[in-house]
Structures are given as structure tokens and as C-alpha cells.
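One structure is given below, encoded as C-alpha cells.
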Amino acid sequence: MTQPIVQHFFDEPTNTFSYVVRDPNSQACAILDSVLDFDYAAGSTDVRSADEIIQYVQDNNLNVEWILETHVHADHLSAAPYLHEKLGGKTGIGARITDVQEIFGKAFNAGTEFARDGSQFDQLFEEGNTFTIGNLEGRVLHTPGHTPACLTYVIDDAAFVGDTLFMPDYGTARCDFPGGDARVLYRSIQKVLALPADTRIFLCHDYKAPGRDEYHHMTTVAEQREANVHVHEGISEDEFVKMRTERDATLDMPRLILPSVQVNMRAGHMPPAEDNGQVYLKVPIDLF
């Protein structure tokens with residue numbers, strides 16, 4: 001097995017980890033779950049987080065083959081279009097993006113110009129699909145529950161799980177967004193926990209559980225099986241569903257969900273400008 005080289009990048013305002021995954025035997029790499037900085041109060045964007053990734057890629061003379069999303073994020077905007085413009089690479093997400101586009105296309109009253117067929121992305125991945133990063137082979141697990149389109153990318157001994165799992169002391173993803181399902185998430189997590197025990201799990205977020213002082217971006221399947229506070233070995237599906245449903249009922253909506261979903265369902269592109277040439281994001285009133 002060829003172990004990929006994984007470099008993480010952390011955006012503290014959104015608690016998001018992005019990754020560059022490198023083939024150690026070539027210059028090929030992939031970028032996962034990038035962040036476009038967004039000041040909601042001002043409605044302004046910035047590319048400083050994406051520029052950190054670009055600097056790393058350029059400093060190491062890497063060739064970007066993929067710009068991948070684990071799902072349609074509800075807590076940050078994707079920088080995929082900017083990275084694609086600067087570095088190339090094919091964009092990819094789960095094929096069930098079409099479900100998310102249908103749900104939120106209606107919610108935001110997106111016009112007929114908004115395609116709901118996933119065509120904004122170069123590749124729509126299904127369960128069991130494979131892809132390459134140089135000499136590395138990746139495979140796709142469809143791991144819905146948080147959203148219908150969530151994927152886990154397994155690249156040799158590394159699994160990129162998106163929001164499916166957090167650090168063992170913090171637990172699992174919420175399931176109360178449109179299209180989410182706690183029972184489906186439990187079954188998806190079992191797929192991840194069936195991977196070899198020493199598989200490295202790279203997280204999309206960390207929120208520092210009470211009593212922990214540092215952010216962590218990586219755990220292992222063995223650690224999750226043994227110690228995940230929500231879904232360790234011995235927790236039944238019904239127990240998990242009860243816990244997750246009750247917990248979700250107490251959670252506030254993510255601060256950036258409204259701008260994030262509008263942008264990310266378009267593969268990171270903004271909605272089209274209106275007749276005055278200005279781009280706007282919508283705030284549905286009393287909908288969610």
C-alpha cells in the first residue's frame with residue numbers, strides 16, 4: 001500500500017479542515033473541501049484561505065488532478081471555482097447532488113437557469129467508483145445521512161469523511177437538514193467503521209470537545225470504534241437515532257447555512273448577477 005501524503009489547512013472561523021492529498025511517487029495531488037472566506041455582515045468574499053493552498057501546491061511543484069467536495073457544505077463556501085481557475089483539476093462530488101439541488105433549488109426559488117442535474121461539476125461519483133491521483137487509487141463510499149450527497153473518499157489508508165464523523169470525543173454529524181436522516185447516517189458510519197482499524201480518518205471539522213484545548217484533524221477507525229461518544233461499538237441503531245434526533249432538536253442552524261448552500265449547490269459559483277450587474281444571495285424568511 002502506498003500511503004498518501006496529507007497536508008491539512010484549518011479555517012478557524014468556520015472550524016473547517018481542507019486537505020491536499022499527494023501521491024508520494026509523483027507530483028499529482030487532489031484538493032478536498034476548500035474554503036472561500038466570507039464576511040456575512042459585509043457580504044464580502046476573500047481568497048486568503050484558498051491562496052494558502054495554492055502557495056503550498058506551487059511551492060511543492062504539484063499537479064492538481066482533482067478538486068473534490070465531500071458534500072454540499074452548510075457552514076462554509078467552497079473555493080473550488082477559484083482553485084480550478086488557478087490550478088486546473090477536475091471538480092467532483094456525489095451523484096446525489098441532484099437531490100440537494102432539487103431541495104434547495106426550490107427553497108431559494110432558483111430560476112430555470114439553475115440546472116439541477118449536477119452539471120456544474122466535472123464528475124459525479126457513485127458508490128464504488130474509483131479514481132486516481134497519480135499512482136494512488138481512491139474509491140468512493142456513499143455515506144449519506146447528514147445530507148443525501150455525502151461521500152467518503154478512501155485513498156489507500158486515508159479516509160476523508162466530510163461531516164459524517166467528528167473526533168471521538170465530539171461524536172457525529174447532525175441529520176436535521178433537508179434530506180438528512182439519522183438512521184441512514186448510522187448505516188453510513190458502519191461502512192466507515194468496517195474499514196481496516198488503522199485507516200486514518202481525516203475530518204472536515206473540529207469543535208474542541210469540552211476539556212480539550214487543541215484542534216485535531218485526524219483520528220483512526222480503531223479510535224472511532226472504541227471511543228466515539230455517539231456511535232462506538234455496542235451502540236444500536238435505535239439508540240443512535242433517538243440520541244441524534246433529540247440532540248438535533250436543540251441545535252441552532254449554522255451561521256453560514258443560507259449563503260453556503262446557495263453557492264455550494266452551484267459548485268462554488270455565485271448566483272447569476274441581476275439586471276443591475278450585482279450578485280445577490282437570498283434569505284428565505286421563516287422557511288427553515
Check: Can you tell which of THR14, THR45, THR98 is within 15 Å of ARG266 (Cα to Cα) and among the polar types (S, T, N, Q)?
Finding: THR98
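Can you pull out the residues in the stretch 54-101 that are of a type in the set (Val, Ile, Thr) and either over 24 Å from GLU126 (Cβ atoms) or assigned to a helix (DSSP H, G or I) (or both)?
Within the stretch 54-101, ILE54, VAL57, ILE97, THR98, VAL100 qualify.
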Next item on the list: Hey, can you tell me all the residues within the stretch 259-288 that are under 16 Å from GLY179 (Cα atoms) and at pLDDT below 95?
Entry: LEU287, PHE288
Checklist line | Selected residue (criterion: farthest from VAL154 (Cα to Cα)) from residues of the stretch 232-271 that are out of contact with any Phe, Trp or Tyr (no Cβ under 6 Å at 6 or more places or on another chain) and β-branched (Val, Ile, Thr) | finding: THR250
Margin query: Quick check on my filter: what residues within the stretch 209-236 are charged (D, E, K, R) and surrounded by 15 or more Cβ atoms within 10 Å (Cβ to Cβ)?
Written below: GLU223, ARG225
Margin query: It is to be established whether one or more residues within the stretch 247-261 are within 18 Å of ALA115 (Cα to Cα), of a type in the set (Gly, Ala, Ser) and touching a residue at least 40 places away in the same chain (Cβ under 8 Å).
Written below: yes
Notebook entry, point to check: Out of all the residues in the stretch 22-43, is one or more part of a strand (DSSP E or B), touching a Cys at 6+ places or on another chain (Cβ under 9 Å) and within 26 Å of ARG174 (Cβ to Cβ)?
Noted result: yes
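Among the helices (runs of 4 or more DSSP H) contained in the stretch 175-288, which hold 2 or more residues that are within 18 Å of the chain's Cα centre (by Cα)?
In the stretch 175-288, the matching helices (runs of 4 or more DSSP H) lie at 182-193, 257-264.
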Next item on the list: Give the stretch 215-244 a look and list any residue that's touching a Lys or Arg at 6+ places or on another chain (Cβ under 7 Å), under 25 Å from ASP181 (Cβ atoms) and of a type in the set (A, V, I, L, M, F, W, C), or say none.
Entry: VAL241
Next item on the list: Answer with yes or no whether THR245 is closer than 24 Å to HIS76 by Cα, touching a Leu at 6+ places or on another chain (Cβ under 8 Å) and not charged (D, E, K, R).
Entry: no
Next item on the list: Output the residue which, of all residues in the stretch 40-74 that are of a type in the set (D, E, K, R) and crowded, with 18+ Cβ neighbours inside 10 Å, is nearest to the chain's Cα centre (by Cα).
Entry: GLU69
Note to self: Looking only at the stretch 179-208, count every residue that is without any contact (Cβ under 8 Å) to a residue 12 or more places away in the chain and either under 16 Å from ARG139 (Cα atoms) or surrounded by 15 or more Cβ atoms within 10 Å (Cβ to Cβ) (or both) and tell me the total.
What the structure shows: 1
Margin query: Residue pairs, Cβ under 7 Å, 6 or more apart or interchain, first in the stretch 223-236 and touching a residue at least 60 places away in the same chain (Cβ under 8 Å), second among the charged types (D, E, K, R). List them.
Written below: VAL229/ASP169; HIS232/ARG225; HIS232/GLU226
Next item on the list: Look at the stretch 113-165 and say how many of its residues are in a loop (DSSP other than H, G, I, E, B), of a type in the set (Gly, Ala, Ser) and surrounded by fewer than 22 Cβ atoms within 10 Å (Cβ to Cβ).
Entry: 5
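The values are calculated or read from the model by the stated rules, or taken from the named source; none is laboratory data. This is a predicted model, so every value here is computed, not measured. As a convention, Cβ positions derive from the backbone with ideal geometry for all residues, glycine included, and neighbour counts pool all protein chains shown.
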